[in-house]
């Protein structure tokens, strides 16, 4: 159980450190990379939390969160590629 | 014991990937370390958790999440890099400004 608390602490700490690049990133793509990384870390955090509390429902929540994160990253990167409606 | 070895390896990959995404100078280098942190770190950590839990429906569901992460992380990284390259972001060179 101590090992699970250690894993959850490290994952939360590194996700908070990644938030630095979301706030101070020079370009929108830096923020997109950092949001992608935070989404992946939150999925791992949910799996660890599901094992720690022994609740199986958190694994379904993690899977749906991964799907929504993937679709949103693809949509935002396609949007930034065309810069709205001003495509040449 | 080998489960904790895998978990420790995954945590090391995740920690150094986070340091890389803070310290690296460019979009493409940051994308490289972010993708490494996703693929290697998530794979090692989730394989360690599967070995720790043993084989039942719980760990089978973790395996589904792992396969989904391994399928989607390269696709999203490639989409971000393609969008940045189309909008004209130049790669960082040593000696130049930035």
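The values are calculated or read from the model by the stated rules, or taken from the named source; none is laboratory data. All figures in this text were calculated on a predicted structure; none of them were measured in a lab. Here the Cβ positions follow ideal geometry from the backbone for every residue, glycine too, while neighbour counts run over all protein chains shown.
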How many residues of region B:28-62 are at pLDDT 90 or above, facing another protein chain (nearest Cβ under 7 Å) and either closer than 24 Å to residue A:17 by Cα or buried (at least 23 other Cβ atoms within 10 Å of the Cβ) (or both)? The answer is 7
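Looking at the structure I just gave you, is residue A:74 farther than 21 Å from residue B:41 by Cα, surrounded by fewer than 18 Cβ atoms within 10 Å (Cβ to Cβ) and touching a helix residue (DSSP H, G or I) at 6+ places or on another chain (Cβ under 8 Å)? Show your work before the answer.
Working: farther than 21 Å from residue B:41 by Cα: yes; surrounded by fewer than 18 Cβ atoms within 10 Å (Cβ to Cβ): yes; touching a helix residue (DSSP H, G or I) at 6+ places or on another chain (Cβ under 8 Å): yes.
Answer is yes for this residue.
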Report yes if some residue within region A:27-42 is closer than 18 Å to residue B:22 by Cα, facing another protein chain (nearest Cβ under 7 Å) and in contact (Cβ under 8 Å) with a residue 40 or more places away in the chain; otherwise report no. yes
Across region A:35-46, what is the total count of residues that are surrounded by 24 or more Cβ atoms within 10 Å (Cβ to Cβ) and closer than 24 Å to residue A:81 by Cα? 3
Given the conditions (1) within 20 Å of residue A:65 (Cβ to Cβ); (2) at the interface with chain A (Cβ under 7 Å from one of its Cβ atoms); (3) buried (at least 20 other Cβ atoms within 10 Å of the Cβ), and given that residue B:68 satisfies all but one, which numbered condition is not satisfied? (3)
Here is a check on your reading of the model: is residue A:15 out of contact with any helix residue (DSSP H, G or I) (no Cβ under 6 Å at 6 or more places or on another chain), on the phi < 0 side of the Ramachandran plot and either within 8 Å of chain B (Cβ to nearest Cβ) or surrounded by 14 or more Cβ atoms within 10 Å (Cβ to Cβ) (or both)? no
Regarding residue A:70, is this residue part of a helix (DSSP H, G or I) and more than 9 Å from chain B (Cβ to nearest Cβ)? no
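Quick check on region B:69-94: of everything there that is in contact (Cβ under 8 Å) with a residue 40 or more places away in the chain and under 11 Å from residue B:26 (Cβ atoms), which residue is nearest to the chain's Cα centre (by Cα)?
Residue satisfying both the conditions and the ranking: B:84.
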Filter result for residue A:43 (under 13 Å from the mean Cα position of the chain (by Cα) and within 19 Å of residue A:4 (Cα to Cα)): yes
